[in-house]
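K.L.:
My questions will all concern the structure given below.
Just so it is clear, none of the values below were taken in a lab; they were calculated from the coordinates. Every value quoted in this text rests on a predicted model; they were computed, and no experiment measured them. Because the Cβ atoms are built from the backbone with ideal geometry, glycine has one as well, and the counts that use them run over all protein chains shown.
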Amino acid sequence: MNREEIIEKLKPIVEPFVNDEEAFANLTDKTNFITDLNINSANLVDIILDVEDAFSIVIDNESMEKMTDIENTIAIIQTKQAEK
Amino acid sequence: MIGNDVVDLVLARKESNWKRKGYLDKLFTASEQDLIQNATNQDEVVWLLWSIKESVYKAYQRIHYQQGFYPIKIAVLSLNLQDGKFRSVIELFGNIFYGESQIVDQIIFTIAVQNKGDLDKILYFDQLAYIKNENGLPISADYKKPISVSHHGRAKKIVGIKQNHF
């Protein structure tokens, strides 16, 4: 999947946990889940589990460590999909 | 070095469903999951462990700034209830931390420090002017001392360690 396809699928996964709507409306590759979207870190796990389900991938702990912004999340999804 | 975290259990129950499949495996080590499984109040232990991890994460950022999401690497080695306080020992990247938590009115308050003696020197602030250092971490505006700020639901806590001039 390319970047745009991933973002389109990612947005509805992230949206329910967003606490800064303006930052979400102006989403960029550099947008950080915690510091920009103000997502509760306990909900980052929900996003990771939802991403696993939606993209049919398994995110190991090492990858999870980097899943704090949009850019890294896209890269991890692409890497995991390529490994399948 | 200090880190703190508060969890409003009332809000946590609304925001998160830790019983969902795979959730605990992403956050907690095998021995931490044993603590949860054997607890009479599992909900409380889940968020107690979580607040300990969050506190240690914040304290660790002062030693070595390393942003990321690695809760499973923050290992709670022991957790004991003594005199109404939960005392914990935690390990992260070879560093040992000491935690102290209390649960009051369905709110969990945790503080984690690297030097155990600092637990006796905690300063609590209702209000404090603070700014952010070069890594975006809070320091007091007046003496530029590290502080830790946590806010969740009904609770907000600002803490520091008592030192000279602070």
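K.L.:
Expressed as an acute angle from 0 to 90° and rounded to the nearest 10, what is the orientation of the C-alpha long axis of helix B:42-63 relative to the principal long axis of chain B?
P.N.:
30
K.L.:
Apply the Karplus parameterisation 6.51 cos²θ - 1.76 cosθ + 1.60, with θ equal to phi minus 60°, to every residue of segment A:3-13 and state each ³J(HN,Hα) to the nearest whole Hz, in sequence, with x for glycine and proline.
P.N.:
Each residue of segment A:3-13 in turn: 3, 5, 4, 5, 4, 4, 7, 6, 3, x, 6 Hz.
K.L.:
Another question about this same structure. Report the percentage of all Cα-Cα pairs in segment B:2-115 whose separation exceeds 21 Å, rounded to a whole percent.
P.N.:
Cα-Cα pairs of segment B:2-115 separated by over 21 Å account for 31 percent.
K.L.:
Next up: Would you work out the charge dipole size for segment B:2-115 about its Cα centre, treating the Cβ of every Lys and Arg as +1 and the Cβ of every Asp and Glu as -1, and quote it to the nearest 20 debye?
P.N.:
340
K.L.:
Taking 1 over the mean of 1/r across every pair of different Cα atoms in chain A, what Kirkwood radius in Å do you get?
P.N.:
Value: 12.7 Å, from the Cα pair sum.
K.L.:
Could you give the distance between the Cα centres of segment A:1-37 and segment B:112-152, to the whole Å?
P.N.:
30
K.L.:
So what are the ³J(HN,Hα) numbers for segment B:32-37, from phi and the Karplus equation (6.51, -1.76, 1.60; θ = phi - 60°), rounded to whole Hz, Gly and Pro as x?
P.N.:
Result, rounded to whole Hz: 5, 5, 5, 4, 5, 4.
K.L.:
For a quick protection proxy, order the peptides A:51-59, B:51-59 by their average other-Cβ count within 10 Å, most packed first.
P.N.:
B:51-59, A:51-59
K.L.:
If you take the square roots of the eigenvalues of the alpha-carbon gyration tensor of segment B:88-166 and sort them as a ≥ b ≥ c, do you get rounded (a/c under 1.5), prolate (a/b over b/c) or oblate?
P.N.:
oblate
K.L.:
Then there is this: Can you run phi through the Karplus equation (6.51, -1.76, 1.60; θ = phi - 60°) for segment A:36-47 and list ³J(HN,Hα) in whole Hz, with x for Gly and Pro?
P.N.:
Running phi through 6.51 cos²θ - 1.76 cosθ + 1.60 with θ = phi - 60° gives 9, 7, 6, 7, 4, 4, 5, 7, 4, 5, 4, 4 Hz.
K.L.:
At 222 nm, what helix-only mean residue ellipticity would chain B give, in deg cm²/dmol to the nearest 500, using -39500 (n - 2.57) for each DSSP H run of four or more?
P.N.:
It lands at -7500 deg cm²/dmol.
K.L.:
From zero up to wherever the largest Cα-Cα distance of the protein assembly as shown sits, split into 5 Å bins and tell me the percent of pairs in each.
P.N.:
It works out to 1, 6, 13, 17, 19, 17, 13, 8, 4, 2, 1, 0, in whole percents.
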